[in-house]
Amino acid sequence: MQKNNLKWVIGLSFFAGLITAIVLPAISSAAPDSSPAKNKNPLQGMTPVEASKGLELPQGNDEAAVVQGRYLVGLLGCASCHTEGALIGKPDPAKTLAGSSIGIAYSNPMVNNFPGAVYPPNLTPDKETGLGEWSLEEIVTLLRSGKTRHGRQTMAIMPWTSYAQLNESDARAIASYLKSLEPVKNKVPKQVLPGNPAKTPLVHVGLYRSR
Ligand code: HEC
């Protein structure tokens, strides 16, 4: 039990630390040559970003599962990715858990100036732009296996490899809380494939080793 808790803390601080690391204005990286020259400072054009503090989660109703779900969503940091502006330390309280139009780069910017980018989706129950069409079970499956309702494997940037350790009742509590939220209409950009310039700012998450 203790050991598991420790793993969580390490896992979460790992993400929190990395996300605060660097942000790259995607547009400014529009160099004519898309492969960075040797010895070029790979962090050129990047700006450090602040972690989001004081993200207040919507209350939800007073059912026990919803209350527990809100607690877990706060603990597991879902809103630090899935909230508009939160990835760069400027969360929009009207769009808490309603998705992010700031992307997360998922390929190495030292290999290609135009890394692929993924956008944390809208988790409110809006039918068009959020989880409105997802059943409680489908959200539970996503959390515990990373599989979407369409059978696609979600990238590990969404920390499902850690969330897979959730027990059934905690995963159901999270899903119940998300289902209880007010739907917010917010369409996030489509995934950008590596080699294509993203039209939005991106945060970079990665581990790099010095020689
Ligand atoms: C480090 C950032 C990050 C954190 C923290 C995070 N997510 Fe995600 N999540 C993502 C990204 C990015 C995707 C999209 C991944 C993809 O499409 O492959 C995603 C996808 C999802 C999806 C699938 C939605 C869809 O429309 O496909 C759900 C549901 C989800 N996350 C719920 C959660 C919950 C609940 C938590 C907290 C327990 C959480 N996420 C924490 C980044 C994050």
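The values are calculated or read from the model by the stated rules, or taken from the named source; none is laboratory data. Keep in mind it's a predicted model, so treat the numbers as computed, not measured. Cβ atoms come from the backbone with ideal geometry, glycine included; neighbour counts cover every protein chain shown. We work out accessible area using only protein heavy atoms, side chains counted, and drop any ligands, DNA or RNA first. Shrake-Rupley method; radii C 1.70, N 1.55, O 1.52, S 1.80 Å.
Counting just the residues of segment 50-66 that are aliphatic (A, V, I, L, M) and open to solvent by less than 80 Å² (accessible area, probe 1.4 Å), which one comes out farthest from Ala86 (Cα to Cα)? Explain how you work it out, then say what you get.
Applying the first criterion (aliphatic (A, V, I, L, M)) to segment 50-66 yields 51, 55, 57, 64-66.
From the residues that got through so far, the ones that are open to solvent by less than 80 Å² (accessible area, probe 1.4 Å) too are 51, 55, 57, 65-66.
Values: Ala51: 8, Leu55: 8, Leu57: 13, Ala65: 26, Val66: 23 Å.
Selected residue: Ala65.
What about Leu87, is it part of a helix (DSSP H, G or I), farther than 18 Å from Tyr177 by Cα, within 9 Å of the ligand (Cβ to nearest atom) and touching a residue at least 24 places away in the same chain (Cβ under 8 Å)?
Details: part of a helix (DSSP H, G or I): yes; farther than 18 Å from Tyr177 by Cα: yes; within 9 Å of the ligand (Cβ to nearest atom): yes; touching a residue at least 24 places away in the same chain (Cβ under 8 Å): yes.
It is true that Leu87 is part of a helix (DSSP H, G or I), farther than 18 Å from Tyr177 by Cα, within 9 Å of the ligand (Cβ to nearest atom) and touching a residue at least 24 places away in the same chain (Cβ under 8 Å).
If we keep just the residues of segment 184-203 that are surrounded by 16 or more Cβ atoms within 10 Å (Cβ to Cβ) and within 26 Å of Glu133 (Cα to Cα), which is nearest to the ligand (Cβ to nearest atom)?
Val188
Which one of these does Pro109 not meet: (1) more than 10 Å from the ligand (Cβ to nearest atom); (2) under 22 Å from Ala51 (Cβ atoms); (3) in contact with a Gly (Cβ under 6 Å, 6 or more places away or on another chain)?
Only one criterion is unmet by Pro109, namely (3).
Would you point out which residue out of Ser162, Ser180, Ser169, Ser176 is open to solvent by 50 Å² or more (accessible area, probe 1.4 Å) and modelled with pLDDT of 95 or more?
After ruling out the rest, the residue left standing is Ser169.
Scan segment 61-74 and give yes if some residue there is among the small types (Gly, Ala, Ser), farther than 23 Å from Lys179 by Cα and within 11 Å of the ligand (Cβ to nearest atom), otherwise no.
No, the conditions are met nowhere in segment 61-74.
Across segment 144-183, what is the number of residues that are within 16 Å of Thr124 (Cβ to Cβ) and within 7 Å of the ligand (Cβ to nearest atom)?
Residues that pass the stated criteria total 2.
Criterion first (within 11 Å of the ligand (Cβ to nearest atom), part of a helix (DSSP H, G or I) and among the charged types (D, E, K, R)) does Glu138 satisfy it?
Yes.
Out of segment 75-87, which residues are within 19 Å of Pro159 (Cβ to Cβ) and surrounded by 15 or more Cβ atoms within 10 Å (Cβ to Cβ)?
Selection gives Leu76, Gly77, Cys78, Ala79, Ser80, Cys81, His82, Thr83, Ala86, Leu87.
Inspect segment 73-80 for any residue being among the hydroxyl-bearing types (Ser, Thr, Tyr), assigned to a helix (DSSP H, G or I), out of contact with any strand residue (DSSP E or B) (no Cβ under 6 Å at 6 or more places or on another chain) and in contact (Cβ under 8 Å) with a residue 60 or more places away in the chain and give the result as yes or no. Walk me through how you get there before you give the answer.
Going residue by residue through segment 73-80, those that are among the hydroxyl-bearing types (Ser, Thr, Tyr) are 80.
Next cut, assigned to a helix (DSSP H, G or I) only: 80.
Restricting the remaining residues to those that are out of contact with any strand residue (DSSP E or B) (no Cβ under 6 Å at 6 or more places or on another chain) gives 80.
Those still in the list that are in contact (Cβ under 8 Å) with a residue 60 or more places away in the chain too: 80.
Within segment 73-80, one or more residues are among the hydroxyl-bearing types (Ser, Thr, Tyr), assigned to a helix (DSSP H, G or I), out of contact with any strand residue (DSSP E or B) (no Cβ under 6 Å at 6 or more places or on another chain) and in contact (Cβ under 8 Å) with a residue 60 or more places away in the chain.
From the residues in segment 117-130 that are near the ligand (Cβ under 10 Å from one of its atoms) and open to solvent by 20 Å² or more (accessible area, probe 1.4 Å), which one is farthest from Gly85 (Cα to Cα)?
Filtering segment 117-130 for residues that are near the ligand (Cβ under 10 Å from one of its atoms) and open to solvent by 20 Å² or more (accessible area, probe 1.4 Å), the one farthest from Gly85 (Cα to Cα) comes out as Thr129.
Residues being over 16 Å from Glu50 (Cα atoms), more than 9 Å from the ligand (Cβ to nearest atom) and of a type outside the set (Ser, Thr, Tyr): count how many of those fall in segment 90-106.
5
Across segment 103-128, what is the number of residues that are assigned to a loop (DSSP other than H, G, I, E, B) and under 19 Å from the mean Cα position of the chain (by Cα)?
First, pick out the residues of segment 103-128 that are assigned to a loop (DSSP other than H, G, I, E, B): 106-116, 119-128.
With the extra rule that they be under 19 Å from the mean Cα position of the chain (by Cα), the set shrinks to 106-109, 115-116, 119-126.
The number of residues fulfilling the criteria is 14.
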